[in-house]
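The values are calculated or read from the model by the stated rules, or taken from the named source; none is laboratory data. Only a predicted model underlies this, so the values are computations on that prediction, with no experimental measurement involved. Ideal geometry is used to build each Cβ from the backbone, glycine not excepted, and the neighbour counts take in all protein chains shown. SASA here: full protein model, heavy atoms, side chains in, ligands and nucleic acids out. Shrake-Rupley method; radii C 1.70, N 1.55, O 1.52, S 1.80 Å.
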Amino acid sequence: SAKRWGENSVQVYTSDEPLPPSERLVLKNHLREALANNQLILQYQPQIDLATKRIVGVEALVRWDHPQYGRIEPGRFIGLAEETGLIVPIGEWVLRTACQQNRAWREAGLPAVKTAVNLSARQLKHAELIERVLAVVADTGIEPACLELEITEGILVDSVETNRIGLQTLRDAGIKISIDDFGTGYSSLSYLAELPVDILKMDRSFVMRLGQDGESTRAHALAESIIHMAHRLQLIVIAEAVETAGQLADLAAMGCDFAQGYYFHRPLGHEQIAELLRQQREAAPARMVA
Ligand code: C2E
Ligand code: MG
Ligand code: MG
Ligand code: MG
């Protein structure tokens, strides 16, 4: 069990609980050094096509390997990064690293996958975001269609008008846009008709109520309705946080397109992703054209 803060020991933060003020202050100061000292790392969680069972994408998720406090989850420091503005350089590092890695997998002859990168509110408001993204795509040589930007529903809806033009610019360049944590924004659905998005990520709060016999008829109806609505709007649906075979079976029966979650894979290092892609390539080698 983890020792308490201040006992000069290694503590690994795994929950999303807010930090006590003293811890917040210490981490906030250390976060300034984190990028420069190479303490940030990316893990990648596979996204599975439910029809083919193949990995079609990965979501890049940032972690902070602190020399004293161990691995710190993003729920503990993304908020601090937002408050300090450090999210802008951190976010750009995440984007660049994720795009370079995608390109490296391709250059190693591995099957093409999409890489999804999370954007925060402050990044989205940053005046140069669109040009920065386009510059990273150009610099790293990632196929634009292999880059997906995840924006949470709340942030998207916050400023539909301001976001629309920028998002359309990215989409015109071939980049995909997804709505993250869909269903948690408590907002009007009308924005769905207006925003240029490609993918809807159904929040875990819907997924976790599936796969339990009898108990969950309404939850089932809700998830199914979200999928049907998304398909009518020509959006692809990804289910988040799939943890059980029962949830997967329900989602597949509802026509959900893709899924990610501990049932398939936890977030993994880039070498482990390469190994999975290698296995995938060997299981179904590309057909030779005569
Ligand atoms: P998110 O974008 O909704 O990412 C999905 C989160 O669900 C990840 O947590 C992932 O590890 C977790 N997860 C995946 N499968 C399961 C499952 O089966 N069960 C459960 N209970 N959880 C699962 P993580 O990595 O701790 O990230 C938390 C949040 O931090 C992310 O939520 C995202 O909003 C934010 N975040 C992570 N990386 C970045 C980043 O590079 N930039 C920004 N701006 N935000 C990030
Ligand atoms: Mg996400
Ligand atoms: Mg999410
Ligand atoms: Mg979520």
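Taking Thr115, is it within 19 Å of Gln272 (Cβ to Cβ) and among the β-branched types (Val, Ile, Thr)? Taking the combined requirement at face value, the residue satisfies it. Restricting the first residue to region 236-247 and requiring it to be closer than 10 Å to Phe258 by Cα, which pairs with a second residue that is of a type in the set (Asp, Glu) and near ligand 1 (Cβ under 9 Å from one of its atoms) meet a Cβ separation below 8 Å and a spacing of at least six or different chains? Close Cβ pairs (under 8 Å, with a partner that is of a type in the set (Asp, Glu) and near ligand 1 (Cβ under 9 Å from one of its atoms)) amount to Glu240/Asp181; Glu240/Asp203. The helices (runs of 4 or more DSSP H) found entirely in region 127-222 that carry 1 or more residues being in contact with a Gly (Cβ under 8 Å, 6 or more places away or on another chain) and free of Cβ contacts under 8 Å to residues at least 60 places away in the same chain are 129-140, 153-158, 204-207.
Within region 159-197, restricting attention to residues that are of a type in the set (Ser, Thr, Tyr) and within 16 Å of ligand 1 (Cβ to nearest atom), the residue that is nearest to the chain's Cα centre (by Cα) is Ser178. Quick one: in region 232-251, which of the residues that are within 16 Å of ligand 4 (Cβ to nearest atom) and farther than 24 Å from Tyr191 by Cβ is most open to solvent (accessible area, probe 1.4 Å)? Restricting to residues being within 16 Å of ligand 4 (Cβ to nearest atom) and farther than 24 Å from Tyr191 by Cβ, the top hit is Glu243.
For Leu156, the stated conditions hold: it is within 30 Å of Arg266 (Cβ to Cβ), modelled with pLDDT under 95 and within 16 Å of ligand 1 (Cβ to nearest atom). Just one of (1) modelled with pLDDT of 90 or more; (2) within 16 Å of ligand 3 (Cβ to nearest atom); (3) open to solvent by 30 Å² or more (accessible area, probe 1.4 Å) fails for Arg209. It is (2).
Within region 87-110, the set of residues being outside any helix (DSSP H, G or I) and either open to solvent by 30 Å² or more (accessible area, probe 1.4 Å) or acidic (Asp, Glu) (or both) comprises Ala108, Gly109. Does region 173-186 contain any residue that is touching a Lys or Arg at 6+ places or on another chain (Cβ under 8 Å), open to solvent by 30 Å² or more (accessible area, probe 1.4 Å) and of a type outside the set (Lys, Arg)? Within region 173-186 (the criterion being touching a Lys or Arg at 6+ places or on another chain (Cβ under 8 Å), open to solvent by 30 Å² or more (accessible area, probe 1.4 Å) and of a type outside the set (Lys, Arg)), the answer is yes, since at least one residue qualifies.
Of the residues making up region 171-187, those that are more than 24 Å from Cys256 (Cβ to Cβ) and either within 14 Å of ligand 2 (Cβ to nearest atom) or out of contact with any Leu (no Cβ under 7 Å at 6 or more places or on another chain) (or both) are Asp172, Gly174. Here Ala173, Ala230, Ala241 are screened, and the one residue that is touching a helix residue (DSSP H, G or I) at 6+ places or on another chain (Cβ under 7 Å) and within 16 Å of ligand 3 (Cβ to nearest atom) is Ala241. Only one entry in Ala259, Ala223 is in contact with a Cys (Cβ under 9 Å, 6 or more places away or on another chain), open to solvent by less than 30 Å² (accessible area, probe 1.4 Å) and within 16 Å of ligand 1 (Cβ to nearest atom), namely Ala223.
Scanning region 111-158 for residues that are open to solvent by less than 60 Å² (accessible area, probe 1.4 Å), closer than 21 Å to Gly75 by Cβ and over 14 Å from the mean Cα position of the chain (by Cα) gives Ala121, Gln123, Leu124, Gly154, Ile155, Leu156.
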